[in-house]
Amino acid sequence: MPTASSFLMPVYTRQPISFVRGLGATLWDEDGIEYLDAIAGVAVTNIGHAHPEVANAIAEQAGLLLHTSNMFGIPWQERLSKQLCALSGMQRGFFCNSGAEANETALKLARLHANKQGISQPQVLVMENSFHGRTFATLAATGNPAVHRGFEPLMPGFVRLPYNDTEAVRRAADCMPNIVAVLVEPVQGEGGVRPASAAYLQALRSLCDERNWLLMLDEVQTGMGRTGAWFGFQHTGVVPDVITLAKGLGNGFPLGACLARDQAAALLAPGSHGSTFGGNPLACRVGCAVIEVMEREHLPERAARLGERLLHGLRANLDGVPGVIDIRGLGLMVGIELDGPCDDLVHKALVQERLLISVTRGRTIRLLPPLICSEAQIDEITRRLTRLLR
Ligand SMILES: *Cc1c(COP(=O)(O)O)cnc(C)c1O
């Protein structure tokens, strides 16, 4: 069962297995045993382990230039921002090293947006069951008591509402004068793989337009092709003011971004925000390599196709199996909700089926396979999970 080391702060429940090598959706442990990766490092290694073009970008750039600081021009940063803006419809980017930092940037934009209007006690609407990170602002935005516990007092300035509930947002709009922004995930990942309805995001968009709030979408997990589109919001016709990215953006190299358009893109000024490592030539070159591979191989479309295949396969094999109460997903973000706690399945899947899965909120199996999986690998995930659950 899970192992502990006396030299590490025990913040993670670790499996007693270490991987030494990977290729695509395959991993090998210290004994040379082969595993199938159906979580991709929690939606990170979207184009697979040991991708040669990523490896090449890292090696080449490491031999040229790692870091100069943001006191100087960084052409790879410019290039990556331009590409991400073209893909997302945003206009300007800020680069950092993680999802939490990307969300911190978005939340700072919300504060500046308030400040500009002379609103002194601004509130950001956030959702129940949400996950936005572990820094003080992002943990306060997160809708999970386990993330808050022991870290009180929480940073103020958040109002929590039920997810996918348009009426709750309308009521908040009518009784609270100080709302300046909404921060929401297009699909709640840590919260159990729960997609927002298109109608809900559309309603949020109109309220934001009506009230001059910023619509800020946390696409840290849903972005970069995961849901079968480049970004989760692209399934809905809604265009947000701000999006945040990380996870799949660097395929395992630490890289985060906050993108914005129009008034939201004009809020930061010299000296108002920054990052030492953020947007360094190495990280941004990796981001460009990831996008190049994703575009050439049409990986968002592939994620949509493979996601359908996975969902159909799971439904065909697991519908009616005792304990399985729902199978849902969008693209290659798939959840199987069970009727009771199932955290032990992570270990069982690993040792019995050589399959990497994750469990969120105690009872939902979450699958996030790399977007480069073959159809055979998708079917193999279904086969192994079916065996495990039956
Ligand atoms: C993982 C995640 C984060 C936090 O990202 P870190 O890189 O761990 O800081 C934020 N939001 C969502 C939706 C995530 O899935």
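Remarks
- Some residue of segment 339-350 being under 16 Å from Arg309 (Cα atoms), in contact with a helix residue (DSSP H, G or I) (Cβ under 6 Å, 6 or more places away or on another chain) and modelled with pLDDT of 95 or more: no
- Note on segment 245-274: among residues that are part of a strand (DSSP E or B) and under 23 Å from His67 (Cβ atoms), the one that is nearest to the ligand (Cβ to nearest atom) is Gly256.
- Count - residues of segment 111-130 that are within 16 Å of the ligand (Cβ to nearest atom) and not aliphatic (A, V, I, L, M): 3
- Options Gly133, Gly99: the member that is within 11 Å of the ligand (Cβ to nearest atom) and at positive phi: Gly133
- Test result for Glu292, under 30 Å from Leu64 (Cβ atoms), surrounded by fewer than 20 Cβ atoms within 10 Å (Cβ to Cβ) and modelled with pLDDT of 95 or more: yes
- The residue that is nearest to the chain's Cα centre (by Cα), counting only those in segment 154-204 that are buried (at least 20 other Cβ atoms within 10 Å of the Cβ) and assigned to a helix (DSSP H, G or I), is Leu201.
- Residue in segment 114-147 that is farthest from Met176 (Cα to Cα), counting only those that are in contact (Cβ under 8 Å) with a residue 12 or more places away in the chain, assigned to a helix (DSSP H, G or I) and of a type in the set (A, V, I, L, M, F, W, C): Val147
- Qualifying position, being away from the ligand (no atom under 16 Å from the Cβ) and loosely packed, with under 12 Cβ neighbours inside 10 Å, among Gly93, Gly48, Gly89, Gly73: Gly73
- Residues being touching a helix residue (DSSP H, G or I) at 6+ places or on another chain (Cβ under 9 Å) and among the hydrophobic types (A, V, I, L, M, F, W, C) - total across segment 162-176: 2
- Taking (1) within 16 Å of the ligand (Cβ to nearest atom); (2) surrounded by fewer than 21 Cβ atoms within 10 Å (Cβ to Cβ); (3) under 27 Å from Gln77 (Cα atoms); (4) of a type outside the set (A, V, I, L, M, F, W, C) in turn, Asn144 satisfies each apart from (3).
- Inspection of segment 196-219 identifies at least one residue that is in contact with a Gly (Cβ under 6 Å, 6 or more places away or on another chain) and within 12 Å of the ligand (Cβ to nearest atom).
- Complete set of residues in segment 160-184 that are under 22 Å from Ala260 (Cα atoms) and of a type in the set (Val, Ile, Thr): Ile179, Val180, Val182, Val184
The values are calculated or read from the model by the stated rules, or taken from the named source; none is laboratory data. As the structure is a prediction and not an experimental result, all values here were calculated from the model. Every residue, glycine as well, gets a Cβ built from its backbone with ideal geometry; the counts of neighbours run over all protein chains shown.
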